[in-house]
Amino acid sequence: MSRTDPSWSVANRVGFVLVLLFAAFNLVPTEGPTSEAVPQAGPPQIILIADAIIAVIVIALVIIAWVRRTRVLVRLAVAGTVLMALSAFPAFFVPVPAEVKIAVAVASIVAFAACVLALLPSRTSAVPATQTATE
């Protein structure tokens, strides 16, 4: 490992695991029951497909970033996680059961915490103090 490679801290690794779990939960469609009164109780089909595609990409990015120790891939995975979390926000503005709103709120908080933990500076990415020039 060279000096420029980040060494992942415990907080980074916890963030990676949370991002992986959040993405894994987005792989499973969360379509609610339909009836004649409510023709579509869950999110639109295109949102479910987009979330699943983004989730697969995020899982791959996190695994590759963790193994190769690449911060750029972590940032891309965090961007995908934010997109997945934002796709659930319309649940706050449509008439859905309170349980759905609570689940979306909890998932959003977990996604936010995962992103913050994954993006925290690692031990070796901090800028070292410069030495004074000797005369």
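The values are calculated or read from the model by the stated rules, or taken from the named source; none is laboratory data. On a predicted model such as this, the values are computed, not experimentally measured, just so you know. Cβ: placed from backbone, ideal geometry, glycine included. Neighbour counts: every protein chain shown.
Tallying residues that are farther than 13 Å from Phe16 by Cβ and outside any helix (DSSP H, G or I) within segment 56-105 yields 7.
Check Val100, Val104, Val94, Val74 and return the single one that is more than 18 Å from the chain's Cα centre (by Cα) and crowded, with 17+ Cβ neighbours inside 10 Å. When all the criteria are applied, what remains is Val100.
Scanning segment 38-64 for residues that are of a type in the set (Gly, Ala, Ser) and modelled with pLDDT of 95 or more gives Ala55, Ala60.
Considering the conditions (1) in contact (Cβ under 8 Å) with a residue 12 or more places away in the chain; (2) within 17 Å of Trp8 (Cβ to Cβ), Ile64 is excluded by exactly one of them, (1).
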